[in-house]
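Chemist: The structure is given below, and queries will be raised subsequently.
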Amino acid sequence: MNSAYTRLDDDSESEKGRPTSCVTLVVVLACLTVLGIVLAIVVLERPSPSKDETFPEEDEWNTTDQCSMVLVESIPQHVKYKANATFGLPLEKAWKDLISMATHQVDVVSFYWTLTGDDIGVNSSSDLPGRQILKALEELPSRNISVRLLSSVPSVQTNSSDFKILKEKGVQVRRVNFGRLTRGVLHSKFWIVDRKHVFIGSANMDWRALTQVKELGVVVHNCSSLAKDLHKIFQSYWVMGEPNSTLPQPWPAAYDTVINKEHPLMVKTGNVSSFIYLAASPPPFCPPSRTQDLEAILSIISDAQRFVDVAVMEYFPTIRFEKPHRYWSFLDDAIRTTAFEKGVKIRMLLSCGRDSDPTMLPFLQSLASVDSPHHGINIQIKIYIVPVGNQSDIPYSRVNHNKYMVTDKVAYIGTSNWSGDYFVTTAGVGLVISQHAPHPVWKTEALQSQLKAVFDRDWNSEFAVHLDDLKHHPDCALSREQKLL
């Protein structure tokens with residue numbers, strides 16, 4: 001820099017009568033010009049998404065999407081609520097509608113696939129909806145619709161014939177070995193149809209999810225921006241399903257997102273304004289621009305002002321599936337801190353069935369023991385128990401599989417249980433939705449309001465049981481643990 005100034009000073013001496021201040025001005029202008037050129041080159045040469053069909057150009061993202069959102073549920077057979085209860089669209093109908101409206105591409109991710117009772121050696125007429133979904137997927141290639149399906153390695157189900165049947169019909173199938181890549185599993189559950197319709201929720205591609213297990217999710221229609229963003233997550237799984245794949249460090253720029261916690265997608269449908277973004281796990285699958293699932297959940301809890309309602313199948317403040325087991329307190333600390341420091345009312349609705357892990361009970365009792373309304377601390381916990389009835393011959397069913405949270409500010413619908421593994425090594429996604437609307441419209445049209453009504457319905461139902469009353473419920477594995485204490 002000194003030599004540059006010397007040369008300029010020497011040149012100025014030959015220009016008689018030019019003031020020294022002018023020389024300084026020339027130097028500054030020259031430096032600014034050079035800096036401007038350098039910045040322009042950096043911006044122009046910055047990596048951008050690929051121009052092939054896999055990733056759209058950033059300027060192709062449709063910011064005028066309507067993005068209509070529909071809450072989706074499945075209620076197990078023989079579970080009855082009181083009249084006038086709020087319900088989501090039946091999951092079976094949501095999936096069939098997505099298949100019927102497809103015109104060129106369907107991408108589906110599920111931890112495992114068991115769409116018929118044959119896969120688990122069960123003869124039950126309740127698998128009929130699953131068989132119908134399988135048949136509808138089979139027929140898509142004959143309509144010139146590309147179908148790509150993903151599942152996990154390892155998986156809980158190894159005998160499924162679904163993929164064999166579908167591959168024979170021209171469906172593309174891959175299994176991603178997350179055990180090799182991250183020591184976890186592919187636990188995400190979502191659909192992308194024609195790069196504009198999306199389903200995200202708790203339901204695997206399992207006939208039991210349609211008739212024997214309580215599930216919750218959301219369908220987002222006509223939302224190309226969100227669908228294309230979710231497709232980047234799908235594509236990261238797809239390429240990692242190739243033989244001998246290795247995790248890129250870092251991920252190529254094509255996997256970056258412009259939609260995250262700091263910059264949510266804003267859409268307006270009628271009188272409802274929505275701010276939405278996708279969160280994902282595990283960290284090795286997230287480029288820096290992607291909000292991680294744990295970060296999203298922690299921020300939602302800490303930002304709440306009045307209440308946090310959580311419905312999730314399992315809650316363990318531990319790393320459960322690696323040895324040695326480790327304590328993992330991020331979510332537990334956030335819940336206790338928000339309840340204690342801000343006086344936010346916490347309600348947690350966990351699930352219990354005959355196959356549930358009873359070691360969850362001490363952690364729930366620990367949280368419940370903090371509840372002290374007299375001191376302004378409100379942490380209430382209930383267990384949702386689906387009656388087994390005459391369905392005892394169907395394994396891993398009759399359980400509340402929900403994975404969502406709703407606060408006075410945000411709705412969150414995810415695919416992960418709440419223990420450390422799901423945020424450290426295991427693949428999952430979550431949809432975060434913050435909505436604003438006039439009060440009359442809010443009650444009838446806002447998904448946030450509907451999700452809160454569904455939580456209240458379940459919390460106040462006969463199926464939600466206080467921890468102290470579990471010993472009277474033989475359909476819950478936690479009750480056996482409680483009797484031993």
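Chemist: With the requirement that a residue be surrounded by 23 or more Cβ atoms within 10 Å (Cβ to Cβ) and among the small types (Gly, Ala, Ser), what does segment 420-445 give you?
Modeler: Residues satisfying the conditions are 420, 427, 428, 430.
Chemist: (1) crowded, with 19+ Cβ neighbours inside 10 Å; (2) farther than 27 Å from residue 92 by Cβ; (3) among the β-branched types (Val, Ile, Thr): which one isn't true of residue 220, the others all being true?
Modeler: Single failed check for residue 220: (2).
Chemist: Could you list, in sequence order, all residues of segment 372-411 that are under 17 Å from residue 212 (Cβ atoms), out of contact with any Cys (no Cβ under 9 Å at 6 or more places or on another chain) and among the polar types (S, T, N, Q)?
Modeler: Correct list: 390, 391, 392, 397, 402.
Chemist: In the set 229, 309, 256, 332, which member is within 17 Å of residue 107 (Cβ to Cβ) and among the acidic types (Asp, Glu)? Full working, then the answer.
Modeler: Details: 309 fails: within 17 Å of residue 107 (Cβ to Cβ); 256 fails: within 17 Å of residue 107 (Cβ to Cβ); 332 fails: within 17 Å of residue 107 (Cβ to Cβ).
When all the criteria are applied, what remains is 229.
Table: residues versus (1) under 26 Å from residue 476 (Cα atoms); (2) among the hydroxyl-bearing types (Ser, Thr, Tyr); (3) at pLDDT 95 or above; (4) not in a helix (DSSP H, G or I).
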position: 296; (1), (2), (3), (4): no, no, yes, no
position: 334; (1), (2), (3), (4): no, no, yes, no
position: 340; (1), (2), (3), (4): no, no, yes, no
position: 348; (1), (2), (3), (4): yes, no, yes, yes
position: 351; (1), (2), (3), (4): yes, yes, yes, yes
position: 354; (1), (2), (3), (4): yes, no, no, yes
position: 367; (1), (2), (3), (4): yes, no, yes, no
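Chemist: Now a separate question. Considering each residue of segment 376-412, count those that are within 25 Å of residue 476 (Cα to Cα) and touching a residue at least 60 places away in the same chain (Cβ under 8 Å), and give that number.
Modeler: Qualifying residue count, segment 376-412: 23.
Chemist: Follow-up. Sort out which residues of segment 308-332 are surrounded by 20 or more Cβ atoms within 10 Å (Cβ to Cβ) and in a strand (DSSP E or B), and write them in order of number.
Modeler: Matches in segment 308-332: 308, 309, 310, 311, 312, 315, 316.
Chemist: Just give me the residues in segment 291-307 being open to solvent by less than 10 Å² (accessible area, probe 1.4 Å) and under 21 Å from residue 178 (Cβ atoms), in sequence order.
Modeler: Residues satisfying the conditions are 291, 293, 296, 297.
Chemist: Also, I was wondering about something else. Restricting attention to segment 142-169, report how many residues are part of a helix (DSSP H, G or I), open to solvent by less than 30 Å² (accessible area, probe 1.4 Å) and of a type outside the set (A, V, I, L, M, F, W, C). Let's see the steps before the verdict.
Modeler: Going through segment 142-169, the residues part of a helix (DSSP H, G or I) turn out to be 142-143, 162-168.
With the extra rule that they be open to solvent by less than 30 Å² (accessible area, probe 1.4 Å), the set shrinks to 162-163, 166.
Next, from what is left, pick out any that are of a type outside the set (A, V, I, L, M, F, W, C): 162.
Residues that pass the stated criteria total 1.
The values are calculated or read from the model by the stated rules, or taken from the named source; none is laboratory data. From a predicted model like this one, the values you see are computed outputs, not experimental measurements. Cβ sites come from the backbone with ideal geometry, for glycine too, and all protein chains shown count toward neighbours. Protein only, heavy atoms only, side chains kept; ligands, DNA and RNA dropped before computing areas. Shrake-Rupley method; radii C 1.70, N 1.55, O 1.52, S 1.80 Å.
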